1. Among (i) 56, 56, 47; (ii) 57, 50, 40; (iii) 81, 59, 39, which is the computed Cα extents along the principal axes in Å?
2. To test your reading of the geometry: what angle, between 0 and 90 degrees and rounded to tens, separates the Cα axis of helix 122-138 from the longest principal axis of the chain?
3. Spelling out what I want: for every residue of the stretch 153-161, take phi, set θ = phi - 60°, compute 6.51 cos²θ - 1.76 cosθ + 1.60 (Karplus), and round to whole Hz; glycine and proline get x.
4. Compute the angle between helix 382-400 and the longest alpha-carbon principal axis of the chain, please, reported from 0 to 90 degrees and rounded to the nearest 10.
5. Which value results when the Cα radius of gyration for the stretch 2-148 is divided by 2.2 N^0.38 Å?
6. Return the subset of LYS172/LYS276; LYS364/LYS388; LYS34/LYS396 for which the Cα-Cα distance in this structure is over 30 Å, preserving the input order.
7. Helix 262-271 sits at what angle to the longest principal axis of the chain, using alpha carbons and giving 0 to 90 degrees rounded to 10?
8. Using Cα pairs closer than 8 Å and at least 6 residues apart in sequence, work out the relative contact order for the chain, in percent.
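Each reported figure results from applying straightforward, stated rules to the coordinates on display, with no laboratory input. What you see is a predicted model; the values in this text were computed from it and never measured. Heads up, the Cβs are rebuilt from the backbone with ideal geometry, glycines too, and the neighbour counts pull from every protein chain shown.
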Amino acid sequence: MNILALNCDSTSIKYKLYDAGDDFRLISKGRAEKIGETHSLLKQQISGHKEITVACSFPEHCAATRELLGILIHDPSSPINRYHQIDAVGHKIMSGGEKLKSPVVIDDSVMEIIRESGKFAPIHSRPNIVSVEEARQLIPYAEHVAIFDTALHQTLPPKAYLYGLPIEYYEKYGVRKYGFGGIKHGYVAARAADQMQQSLENIKLITCHLGKSCSITAFQNGKSIDTSMGLTPLEGLMMGSRSGDMDPSVILHLLEARHLYASEIDDLLNRNCGLKGLCGKSDMRDVLALVEKNDPHAKTALDAFVYRVQKYIGAYIAALNGLDAIVFTGGIGENCPTVRSRIMENFGYIKAIVDHEKNEENEKVFSAVDSNICLMNIPENEEMIIAKQTYEMLTKLKVNV
C-alpha cells in the first residue's frame, strides 16, 4: 500500500510518500514553502536522487497543493508512474475538537466537523481544509484519512483542560484546553522511550517542541497529562510571532486604549508578538545574531524565551512528581545548542547535567554521564506518524469488514 502523508501548515505544505508494505520505505518527498509570499519555493526529491528546487509563486494553499501533487501524479519522472498509484492519503488536521478524537476516513460529514472545530485554530485550519479539498479532487481513487493534532491530548484530566470559567462555557461552547502539536510530541516521546530502552508507560517525560511554533507536553503512564497550548495555539510559550501566556486584561486594555478591532487583536497576537514583538525578528537564528552584536532588545527576547520554557518545565516536573527525561525537538530544539544549554541552566536541583561537547555537536543524547535526567535531541517526523496511523486505521477497517 502506497500512503501519501500530507502535512499542511500556515505557510507551507510538506508531503512524504511511503510504501507501507516495505516497512514504510520512503519513496519520495516534497514541499511548498513561503506560501503567500512573493517568492515561494517548490522542492521535490525521489529517494536516492538529488533534490530539485523550483522558484514559484503561491498566493494561497490551493494553488500550492495543486502544483505539488500535480507533479507527483503526472510528471513522467514521478515515482507514482513506477509504483502505480497512491492508495491512501493521510492528512494532518490541526483540530478535531471533542468530536473527532482518533483517525477517521474523510467524507462530507467529517469535513463539516473539521470546519466547525477549525475555529479554534483558524490560521492553520483554513489551509488544512483547502489542502484536503484539493487533494480529494486530485486523488479521488484514494482513501483520505484525517489525523488530528489534538488527539494526543484527549487524555488530559479535567483539572488540566478546564479553565476557571463558568462550567457552562465548556458544556455549551466547548471552551477548554485542547492542546496542539500532538503528532510531533507523540513521535518524539516514543523515540525517546526507545532510546532509553524503556516502555513509554514506565517513564516520566517532558517533550519540548521549540521552533516558530512552540509547545511543551508532560507524559506520564504513556499519556499526555498536560500541555502548554490551550483552546488555541496562542496559549503557552512565547513563540516566534505569538504572544503565549499573558493577562487576559491586556486585550481589554488594548481594545480601549488603541480602539483595535477583534481581527486586529488576532493579527497582533499571532503575527506580531513573541520574539518578533520584542526585538523585530521571529527567527531564533536572527535573534542570536543580534545578541552577538549586543543588541539589548534581542538579549531581552532571548532571556524571555528561555525563561518561559524553564517555567513550564519546572511546572511539569511538579505535575509529574518527578522526571526521567527531557526531549528537545523542532527547528530551535534540534539545532540550537545555545538555547538548549541556557534552558537547562536552572535544573541543577534535579541533577539534569548537560554534556556541553555533545550538546554542541547536536548529539541525540547530550546529558552528562553523571546526570540523573536523560537529555535528548530528537528530530520530529510528523509525516511518518501520519502515514502509520493512516495505515493502521485502514487495516483495522478491512479486518472488521
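1. Here the calculated entry is (i).
2. Computed tilt is about 10 degrees.
3. 8, 5, 8, 4, x, x, 5, 9, 9
4. 50
5. After normalising by residue count via 2.2 N^0.38 Å, the value is 1.02.
6. Checking Cα-Cα distances, LYS172/LYS276; LYS34/LYS396 exceed 30 Å.
7. 80
8. 14
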